[in-house]
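Novice: I have a structure here, written as structure tokens, and I will follow up with some questions on it.
Every read-out reported here was derived from the displayed coordinates using simple, explicitly stated rules and does not represent laboratory data. Computed from a predicted structure; not experimentally measured. Here the Cβ positions follow ideal geometry from the backbone for every residue, glycine too, while neighbour counts run over all protein chains shown.
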Ligand SMILES: [Zn+2]
């Protein structure tokens with residue numbers, strides 16, 4: 001069976017971009033990244049679920065970034081099986097493309113795009129030389145896998161390591177049925193690669209942003225527009241009609257703040273400024289005190305982790321409010 005040793009980090013990246021998307025104008029490259037991540041997420045998830053259900057023994061490593069010969073390279077998915085290391089690049093392209101004398105073009109406009117096979121070949125060759133250096137004589141096979149069902153590639157050559165959406169099921173079945181049993185060497189190889197992973201690679205670096213430049217307010221969970229007050233206990237979205245209890249919304253926004261600004265101290269004035277439509281300092285202080293662990297005295301209190309259901313502060317008279 002498949003053992004997942006490293007998960008993808010995109011969930012967090014997607015969430016940060018989603019939050020920023022409503023509050024600032026993202027730079028063009030980040031905006032494209034955001035739409036790719038959200039569009040491709042479903043296909044990628046399906047692909048991951050299938051891998052996890054595989055019968056043959058493999059180690060699965062998602063989103064691994066390594067350096068070899070001063071070159072940094074990012075790999076979507078590595079499968080370490082008994083006889084082969086599979087390097088799989090996942091693409092979420094949507095629409096009609098044509099493969100024409102070594103180039104990928106958008107069918108409608110004939111515009112050439114960066115050939116994803118170059119990236120794959122580069123990663124395969126860097127990984128091969130890294131494994132040779134590590135004295136791990138296991139072959140590497142690379143595949144470009146298109147997961148979006150709305151993708152078509154005309155004139156795709158049959159001898160290219162390309163898996164189209166219509167071939168995906170067969171490809172995964174073939175992987176699953178390839179006999180494989182792992183030993184100590186394989187687990188050492190996986191450990192080595194995990195230890196070499198560069199967590200803060202340029203590939204994982206998100207957009208630059210500062211607190212001051214973000215639009216403040218409470219963003220709707222459903223449609224990402226800004227919400228307004230309905231009454232003392234509820235806020236609502238005038239665009240889609242979504243309603244949320246005020247306390248729940250404040251907790252959600254504190255968690256947003258912590259995700260976007262992990263180094264910032266969460267204080268009552270900060271949350272007041274961030275939420276904007278909640279004008280009661282008292283309400284914010286109560287929600288923070290009831291739901292987050294705090295440090296500092298009454299005047300300089302700041303809040304850390306969200307409390308678990310069992311944690312409760314005996315000094316805090318909850319009924320006071
Ligand atoms: Zn909404």
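Novice: I need the calculated FRET efficiency for the pair residue 195 and residue 15, taking r as the beta carbon distance and R₀ as 22 Å, to the nearest 0.05.
Specialist: Calculated value: 0.25.
Novice: Would you look at the GNM of the chain, springs on alpha carbons closer than 10 Å, and say which of 55, 70, 197 moves the most?
Specialist: 70
Novice: Could I ask something else about it? Treating the angle as unsigned and between 0 and 90°, give the value, to the nearest 10°, between the Cα long axis of helix 184-196 and the longest Cα principal axis of the chain.
Specialist: For 184-196 against the chain, the angle is about 50 degrees.
Novice: Between 127, 107, 260, where does the largest GNM mean-square fluctuation fall for the chain, given springs only between Cα atoms within less than 10 Å?
Specialist: 107
Novice: Across the chain, how large is the tail of the calculated P(r) beyond 35 Å, expressed as a percent of all Cα pairs?
Specialist: Percentage above 35 Å: 38.
Novice: Let me check against my output: what whole-number percent is the relative contact order of the chain, with C-alpha pairs under 8 Å and at least 6 apart?
Specialist: 15 percent
Novice: Could I have the simple spin-label model distance between residue 225 and residue 293, label points 7 Å from Cα toward Cβ, reported in nm to one decimal?
Specialist: So the label points at residue 225 and residue 293 sit 4.0 nm apart.
Novice: Follow-up. Give me the distance in nm between label points sitting 7 Å out from Cα along the Cα-to-Cβ direction at residue 109 and residue 187, one decimal.
Specialist: Inter-label distance under the simple model: 5.1 nm.
Novice: With each label point set 7 Å from Cα along the Cα-Cβ vector, what nm distance links residue 211 and residue 100?
Specialist: 5.3 nm
Novice: If you fit an axis through the alpha-carbon atoms of helix 246-260 and take the longest principal axis of the Cα set of the chain, what angle between them do you get, 0 to 90°, nearest 10?
Specialist: The two axes meet at around 50 degrees.
Novice: Among 112, 212, 13, whose mean-square fluctuation peaks in a Gaussian network model of the chain (Cα, cutoff 10 Å)?
Specialist: 212
Novice: For the stretch 129-258, give me the percentage of DSSP beta bridges that are antiparallel, rounded to the nearest 5 percent.
Specialist: Expressed as a percentage, antiparallel bridges in the stretch 129-258 total about 75.
Novice: Quick one: length gained pulling residue 238 to residue 141 fully straight, 0.36 nm per residue minus the C-alpha distance?
Specialist: Fully extending the segment from residue 238 to residue 141 adds 29.7 nm.
Novice: Here's something else I'd like to know. Hey, what did the stretch 216-320 get for relative contact order, percent, Cα under 8 Å, at least 6 apart?
Specialist: 19 percent
Novice: Next question, about the same structure. Using a 10 Å cut-off on Cβ atoms, rank the peptides 293-304, 169-180, 89-100 from the highest mean neighbour count down.
Specialist: Highest-to-lowest ranking by the protection proxy: 89-100, 169-180, 293-304.
Novice: Of the DSSP beta bridges with both residues in the chain, give the percent that are antiparallel, rounding to the nearest 5.
Specialist: Taking every DSSP beta bridge within the chain, about 65 percent pair in antiparallel fashion.
Novice: If you split all Cα-Cα distances of the stretch 216-320 into 5 Å bins from zero, what percentages do you get per bin, shortest first?
Specialist: Histogramming the stretch 216-320 at 5 Å steps yields 2, 12, 24, 24, 19, 12, 5, 2, 0 percent.
Novice: Restricting the count to DSSP beta bridges whose residues both fall in the stretch 52-173, what percent are antiparallel, rounded to a multiple of 5?
Specialist: 60 percent
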